[in-house]
Amino acid sequence: MAEIFGILNITTDSFSDGGKYLNPDEAIKKGTQLLQEGADWLDVSGQSSNVAASLVTEEEEWNRVEPVIRYFVPKGVRISLDSFRPEVQKKAIEAGVRCLNDITGFTYEGDREFLKPYSQKYPDLKFIIMHSHNRNIAKVNSTLSPEKVIKKIQVFFRDRRNELSSLGIEESAIFFDPGMGFFLSDDPMVSFRVLQDLEILKLEFPQLMVSVSRKSFLGNVLGNLQVEDREFATLACELHLLKNKIPFIRTHNVLKLRQAEKIWNLCQENE
């Protein structure tokens, strides 16, 4: 069974659901729904990372996510913070967040030394290293090709793993996200090459997290489908992740994935 991270974007400009959950009551309602549908974690973000996103202040980012964190943590809900800013990450850990999901792979400007004492103080703290071709908010222009992408991801993961290990963080606490869509390239075949070669990445980085949910590369190969029309493509891709035993999947539609996972497993029982 994969652990599912339910996406909760508290932003104005996320590509899929920007503006829907800025009100804390609406965000909490959505988070509750994701949990009821079977999410193991809530992956909460106050800063969008899509190609059209603009940076909000650190104060605004924290103000967006804080009410949700304060509501769910006392209830024992596992919260992952999707943020790349050290000051926001620190506040979140102090508020009870136990997973940092960093789209820059912990390369964004700022002091990272806090990770060492915090990882010692909170031994259950997890760290998601995500690869992106520019180590920042997604951009269109990329030099990655299908032939180069796996090796580039491997080199990046090794570098970032070494960095976190130097801070005393155990590898068992590190998850690895290859990034998809514009985090890799505007060429959809770059993302599909990663999906084709998941076993290669798993050999060295077994704690893989993959998120394909509603991403542009799926819509592009089907005639430029709009975001709301990418659910079937998303599910087909997520079934591929289940087939490849990817241990962590990040998705918008938890219910659909949980139902598909149950049926998939029943179909495989005698194999």
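The values are calculated or read from the model by the stated rules, or taken from the named source; none is laboratory data. Quick caveat, the model's predicted, so the values are computed rather than measured. Heads up, the Cβs are rebuilt from the backbone with ideal geometry, glycines too, and the neighbour counts pull from every protein chain shown. All accessible areas refer to the heavy atoms of the entire protein, side chains included, with ligands and DNA or RNA removed. Shrake-Rupley method; radii C 1.70, N 1.55, O 1.52, S 1.80 Å.
General observations
- Simple point charges give the picture: +1 on the Cβ of Lys and Arg, -1 on the Cβ of Asp and Glu, and for the chain a dipole about the Cα centre of about 260 debye.
- Calculated FRET efficiency for the pair K121/E26, C-beta based, R₀ 41 Å, to 0.05: 0.80
- 25 °C / 0.890 mPa s Stokes-Einstein diffusion coefficient of the stretch 123-263, Kirkwood radius on C-alpha pairs, µm²/s: 157 µm²/s
- Scalar couplings 3J(HN,Hα) for the stretch 152-168, obtained by applying the Karplus form with A = 6.51, B = -1.76, C = 1.60 to θ = phi - 60°, are 4, 5, 4, 4, 5, 4, 4, 4, 6, 4, 4, 4, 5, 5, 5, 8, x Hz; x denotes Gly and Pro.
- Tail weight of P(r) past 26 Å, computed on alpha-carbon pairs of the chain, percent: 38 percent
- Whole-angstrom gap from the stretch 196-271 to the stretch 139-162, using each part's C-alpha centre: 21 Å
- Rounded, prolate or oblate (a/c below 1.5 giving rounded, otherwise prolate when a/b exceeds b/c) for the stretch 48-135 by Cα gyration tensor: oblate
- Modelled FRET efficiency - R0 22 Å, E87 with T12, Cβ distances, 0.05 increments: 0.60
- The HN-Hα couplings worked out from phi for the stretch 189-201 by the Karplus form 6.51 cos²θ - 1.76 cosθ + 1.60 (θ = phi - 60°) are 5, 5, 5, 5, 5, 4, 5, 5, 10, 4, 5, 5, 5 Hz, whole numbers, x standing for Gly and Pro.
- Dipole size of the stretch 198-265 about its Cα centre, with +1 on Lys/Arg Cβ and -1 on Asp/Glu Cβ: approximately 160 debye, rounded to the nearest 20.
- Per residue, the chain exposes 45 Å² of accessible surface when a 1.4 Å probe is rolled over the protein heavy atoms with every protein chain present.
- The stretch 175-182 - phi-based ³J(HN,Hα) in whole Hz, Karplus 6.51/-1.76/1.60, Gly and Pro as x: 9, 10, 10, x, x, 9, x, 5
- Ordering of 150-163, 34-47 by burial proxy (mean other Cβ atoms within 10 Å per residue, highest first): 34-47, 150-163
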